[in-house]
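Please read the structure below before turning to the comments.
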Amino acid sequence: MRTDIFARLDREPEPPKIEPPRMSRHRIALFGGTLAFHLAIVFAVLIGSWLVTLDWKVMLFRPYQQWPGIHAFLDYYVVLGQRGPTAVMVACWLGWRSWRQHTLRPLLTLGASLLLLNLTVGAVKLGLGRLGPHYATQIGSAELFAGGDIFPSGHTANAVVTWGILAYLATTPRARRYLSALSAVVSLGVGLTTVYLGTHWLSDVLLGWTAGLLILLGLPWVEPLITRAEDWIFAVREQWRARGRAVPSVPVAAGGPRTVPLPQRHGADAMDEDPALEPVAAGSRAGAAAPAAGTRPRAHTVRSERTPITPAGSRRPPHADRTPRGGTSPARPMSGG
């Protein structure tokens, strides 16, 4: 076993047993409180409450003009909440973990969380249609149902889910604490950066934080589906491997089926196998079998695969003027004198 720092890069010989988080009472309580706060923000924006007034005060304050020195840095920092680059970076890390731990759960969990993010956040964006601060038309208005798509903040929700999934998939409590703190700082910074740049209202950021947190808290309910998907993918992989290991069939030669010569048997084994072959009695003609007295002669079966047996004796054609051996010669006329 390697003990150097590069041993962490090797693939583990056996897949570790990783228990996914369960939906405990504490987690259910957090999910319920976050959902209530999420709905409260939506309701406050719909009725044009003090939250909308706060949005306009922050917008008219114009933070990007108050601290212009950090504008260039925050232009790059906000990329940590953009879905494309962050999804690629996190997918590379989780893909290496999947390969090392012989499991597809990290990648499937990331895919499920991003799918839920697109469905939930995208539906609210298109349903409410809120315009951004740069496109606002009336001071004090919530700018809802005007064809926009910024409520909730997609950058903020994506930062919460993408970086929070690393803490969700952590294998040790210590790593989970550190990664949770890191994801909270990154998502908080991304949300405030969008407010600084003037691309989102403050309420957009608040709703983005709650939307991403709801997805992370509700992931244990999706774990059975992730397990089924992983089992199905592995089953399909085994089927493809079994097809690759299948023995190819022997091609048939042109001109007919291939025949395999049978082993020849001699003596008693041959007679036991073929009852049509009987021993020839002594003194009888070659090729003619004399049936025993009181027994019924057996019918000989001609097999097409056997070579016909040539009778013993001379192969020369018979002559008409010669008398066969053992026969009676015809009487010849005697000539008188």
Checklist entry - Considering only protein heavy atoms and a 1.4 Å probe, what is the carbon-and-sulfur percentage of the accessible area of the stretch 72-171? => result 70 percent
Checklist entry - With every protein chain left in place, what is the accessible area per residue of the stretch 177-220 in square angstrom, probe 1.4 Å? => result 33 Å²
Checklist entry - Once phi is turned into θ = phi - 60°, what whole-Hz ³J(HN,Hα) does the Karplus curve with 6.51, -1.76 and 1.60 give for every residue of the stretch 105-111, x standing for Gly and Pro? => result 4, x, 5, 5, 5, 4, x
Item to check | Potential extension, residue 54-residue 25 segment - 0.36 nm per residue separation minus Cα distance | outcome: 6.9 nm
Next on the checklist: Would the stretch 38-175 count as rounded, prolate or oblate if I go by the C-alpha gyration tensor, calling it rounded below 1.5 in a/c and otherwise prolate when a/b exceeds b/c, oblate otherwise?
Outcome noted: prolate
Checklist entry - In a shell of Cβ-Cβ distance under 13 Å around residue 203, excluding residue 203 itself, what net charge do Lys and Arg (+1) and Asp and Glu (-1) give? => result -1
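The values are calculated or read from the model by the stated rules, or taken from the named source; none is laboratory data. This is a predicted model, so every value here is computed, not measured. Cβ: placed from backbone, ideal geometry, glycine included. Neighbour counts: every protein chain shown. We work out accessible area using only protein heavy atoms, side chains counted, and drop any ligands, DNA or RNA first. Shrake-Rupley method; radii C 1.70, N 1.55, O 1.52, S 1.80 Å.
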